[in-house]
Amino acid sequence: MIFAAILAGGIGTRMGNVEKPKQFLLLGDKPILIHTIEKFYINNAFNEIIVLCPKQWISHTKDLISRYIDDSNCIKVIEGGNLRNDTIMNAIRYIEDNYELSEEDIIVTHDSVRPFITHRIIEENIKYAIDYGACDTVIPSSDTIIESKDGKFINSVPNRQNMYQGQTPQSFRILKLKELYNVLSNEEKELLTDAAKIFSSNDEQVFLVEGEVSNIKITYPHDLKVANSILKEK
Amino acid sequence: MMINTIYRLVSPKLFEETYDEVPDLKNQVIVRPTHLSICQADQRYYQGSRDPETLGEKLPMALIHEGIGKVVKDDTGTFKNNDIVAMIPNTPVENDEVIAENYLRSSKFRASGFDGFMQDYVVSTPERLVKLPKDINKEVASFTELVSVSVHAINRFSSISHKRKNRIGVWGDGNVGYITSLLLKLLYPKSEIVIFGVHDEKLSLFGFVDEVFKINEVPNNLCIDHAFECVGGIGSLSATEQIIDIINPEGTISLLGVSEYPIAINTRMILEKGLYFFGSSRSSRADFLETIQIFERHPRMISYLENIINNTIRIKDLKDINKAFEKDFNSNFGKTVLIWDK
């Protein structure tokens, strides 16, 4: 079985002084979140799409989905967690409560604010999560990455050719992710903010899926302007 | 509803990713393109060999009007998910009881009047899609449209031409000439099919026809009952001249070759011989259905069509699209098939 988890847990503090979390802002005529869900909704590989959002926004999210998507039976809205991994674990808990899982079952986790995801990226995530157990969507880093531990001086300048920028989806075999996550100490859980990191720090292979420069994350007000203008360009 | 990524040609040799909001998926089918095929018409846009006014008016536009895909969602219930479908580029906006859909001036055509198939998803009405057998050779099926154009021309020929069809001549040793003569051999097994061309290496592929002639080595006493002109370009001039010269009276001449030039023709001889000239262009849904029936009934046809696939190129990014068009341009014969993985 294949599940999609749309992570809409963030409250968008980087989005400036807006009242709504950023995933509810309009891109074109519709909320960003709806655009993102649609990309998974039309892909019939998924048994169920789980949308995770802050508790106080669950009803609103449900309303939006039923307003914009005709047949929303395969879309479930549940509460996210405090951290990204808590949110993913909530999705897994929901899946386990409702399905009998086997080793091969996978979850494709995606940021709700990356609506420009393409068909190929989704397909490759499914394929490589099945083949390798875990995969992460990346693009080669166009900027040089600088490492600084104190924010004042450079510690190192890694070779740019080895550097990639992480996008989403990140996709995993569900039971494997759960197994690795459950043995982490609370300290490690705080540190391993990224689910792919849980795999790689356990010496598990994480395959790189080629992302797209256009698969942008709408984080800052500027990003929304960019997203709206690329959508309207003719 | 839904953001769709469209890969448009913005100026000759330059593709760009653009995003469109599909307004409504009601009564629509969403198709993921899987195999596309480059046509001469696409190549002319890509090379910028259309006149600047046309380019200015039509671009930006997604190219490619030959292609198949997989149904990913169908609001109409016509298809099942994962059905393989051929996509029909001609898109009529009205019905006419006399004029066929592909000749109505109001009809729109993919990669000519509006975006072609280079898209993340093609959103289509169900009647512009035709289901293909699951096990069909997908690379061949990618140019179902091109085959249907020949099927259409032969259907017109059948209804217009007189019954004596002892020898039918096909001018042009390119893809259209190949497909047309192949279909003629299949649909008129009693007729002698003769091909007239220029290039030895291309003509050597026409093993299924009854006779092969180079246009400058045609015997003096050779006659034909009917002709298909599949040359196009400036070559149409010498081809029609030769056809008029050797065709028997009251023969039909089907014109399939597209030319950018006005072609002078010997009207005196058309009058004297009482010839029928008629044009054939594009195809309709009915022609697609018939083409697929031919594929199913004649597996040999598929293997002959496999022979003209020259390049198969996997498209993962915009650079691959350029690579495919350059490769296609530099091949003097055969089809370039794109495995759409963008």
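The values are calculated or read from the model by the stated rules, or taken from the named source; none is laboratory data. Since we're looking at a predicted model, the values are computed, not measured. Cβ: placed from backbone, ideal geometry, glycine included. Neighbour counts: every protein chain shown. SASA here: full protein model, heavy atoms, side chains in, ligands and nucleic acids out. Shrake-Rupley method; radii C 1.70, N 1.55, O 1.52, S 1.80 Å.
Name the aspartates and glutamates eligible as straight-distance cross-link partners of A:LYS149: C-alpha to C-alpha under 20 Å, and not fewer than 8 places from it in the same chain.
In chain and number order, the partners are A:GLU187, A:GLU188, A:GLU190, A:ASP194.
Please give the direction-averaged projected area of the C-alpha convex hull for chain B, in square nanometres with one decimal.
Dividing the Cα hull surface by four gives the mean projection, 17.2 nm².
Residues of the stretch A:60-92 losing 30 Å² or more of accessible surface, assembly versus chain alone, probe 1.4 Å, please list them.
A:ASP70
How many partner chain Cβ atoms sit within 10 Å of a residue's Cβ in peptide A:119-126, on average, as a whole number?
Rounded to a whole number, the mean comes out at 3.
So if we plug the beta-carbon distance of B:GLU21 and B:LYS190 into 1/(1 + (r/R0)^6) with R0 = 45 Å, what FRET efficiency do we get, rounded to 0.05?
0.20
Hey, what number do you get for the protein assembly as shown at 222 nm if only DSSP H runs of n ≥ 4 count, each worth -39500 (n - 2.57), divided across all residues, to the nearest 500?
-9500 deg cm²/dmol
Please list the helices of chain B that count as membrane-span-like by this rule: a mean Kyte-Doolittle hydropathy of at least -0.5 together with Cα atoms stretching 20 Å or more along the helix axis, each helix being a complete DSSP H run.
B:144-160
Explain nothing, just the number: relative contact order of the stretch B:95-254, from Cα pairs under 8 Å at least 6 residues apart, as a whole percent.
The value is 20 percent.
Between B and A, buried accessible area summed over both sides at probe 1.4 Å, in Å² to the nearest 100?
Details: alone 15770 and 12590 Å², together 25910 Å².
It comes to approximately 2400 Å² buried between B and A.
What is the stretch A:1-110 by shape, rounded, prolate or oblate, if you read a ≥ b ≥ c off the alpha carbon gyration tensor as root eigenvalues and call it rounded for a/c under 1.5, prolate for a/b larger than b/c, and oblate otherwise?
oblate
Could the peptides B:335-342, A:85-92 be put in order, highest first, of the mean number of other beta-carbon atoms found within 10 Å of their residues?
Those peptides, ordered most packed to least, come out B:335-342, A:85-92.
Past 30 Å, Cα to Cα, is the threshold; run B:LYS134/B:LYS185; A:LYS55/B:LYS26; A:LYS22/B:LYS323 against it and keep the listed order.
From B:LYS134/B:LYS185; A:LYS55/B:LYS26; A:LYS22/B:LYS323, over 30 Å: A:LYS55/B:LYS26; A:LYS22/B:LYS323.
Other chains near A:47-53: what is the mean number of their Cβ atoms within 10 Å of each residue's Cβ?
Details: counts 0, 0, 0, 0, 0, 0, 0.
Mean shielding count: 0.
Just order A:219-226, B:229-236, A:208-215, A:121-128 by mean Cβ neighbour count inside 10 Å, highest at the front, would you?
Highest mean packing first, the order is B:229-236, A:121-128, A:208-215, A:219-226.
Determine the residues within the stretch B:15-43 where the difference in accessible area between the chain on its own and the full set of protein chains amounts to at least 40 Å²; count protein heavy atoms only and use a 1.4 Å probe.
In the stretch B:15-43, residues shielded by partner chains: B:TYR19, B:GLU21.
Dipole size in debye (nearest 20) for the protein assembly as shown around its Cα centre, Lys and Arg Cβ +1, Asp and Glu Cβ -1?
580
When a/c is below 1.5 the answer is rounded, else prolate if a/b is larger than b/c, else oblate, so apply that to the stretch B:233-289 with a ≥ b ≥ c taken from the square roots of the Cα gyration tensor eigenvalues. Working shown, then result.
Numbers: a/c = 2.78, a/b = 1.46, b/c = 1.91.
It is oblate, given that a/c is not under 1.5 and a/b is not larger than b/c.
Among the chymotrypsin sites (Phe, Trp or Tyr not before Pro) in the stretch A:29-111, which ones are in a DSSP loop with at most 15 other Cβ atoms within 10 Å of the Cβ? Mind listing them?
Taking the stretch A:29-111 and a limit of 15 other Cβ atoms within 10 Å, the loop chymotrypsin sites (Phe, Trp or Tyr not before Pro) found are A:TYR99.
Could you size up the charge dipole of the stretch B:37-76 around its Cα centre, putting +1 on the beta carbon of Lys and Arg and -1 on that of Asp and Glu, and report it in debye to the nearest 20? Walk me through the numbers before you get to the answer.
On the way: 5 positive and 7 negative charges, 28 e Å.
Value, rounded to 20: 140 debye.
Would you mind telling me the share, in percent, of accessible area of the stretch B:46-134 contributed by carbon and sulfur at probe 1.4 angstrom?
47
7 Å from Cα along Cα→Cβ at both B:TYR103 and A:GLU187: what's the point-to-point distance in nm?
Calculated label separation equals 8.4 nm.
Can you give the FRET efficiency to the nearest 0.05 for B:GLN293 and B:ARG164, using r as the Cβ-Cβ distance and R₀ = 30 Å?
0.65
What order do you get for B:285-293, B:54-62 when each peptide is scored by the mean count of other beta carbon atoms within 10 Å, highest first?
The densest-packed peptide leads the list: B:285-293, B:54-62.
Probe of 1.4 angstrom, ligands and nucleic acids ignored: what's the accessible area per residue over the stretch B:5-105, in square angstrom?
Values: 4270 Å² over 101 residues.
On a per-residue basis, the stretch B:5-105 sits at 42 Å².
Let a ≥ b ≥ c be the square roots of the eigenvalues of the Cα gyration tensor of the stretch A:117-198; is it rounded (a/c under 1.5), or, if not, prolate (a/b larger than b/c) or oblate? Can you show the working numbers first?
Working: a/c = 3.03, a/b = 1.26, b/c = 2.41.
Since a/c reaches 1.5 but b/c is at least a/b, the shape of the stretch A:117-198 is classed as oblate.
What accessible area per residue, rounded to a whole number of Å², is obtained for the stretch A:120-191 using a probe radius of 1.4 Å?
59
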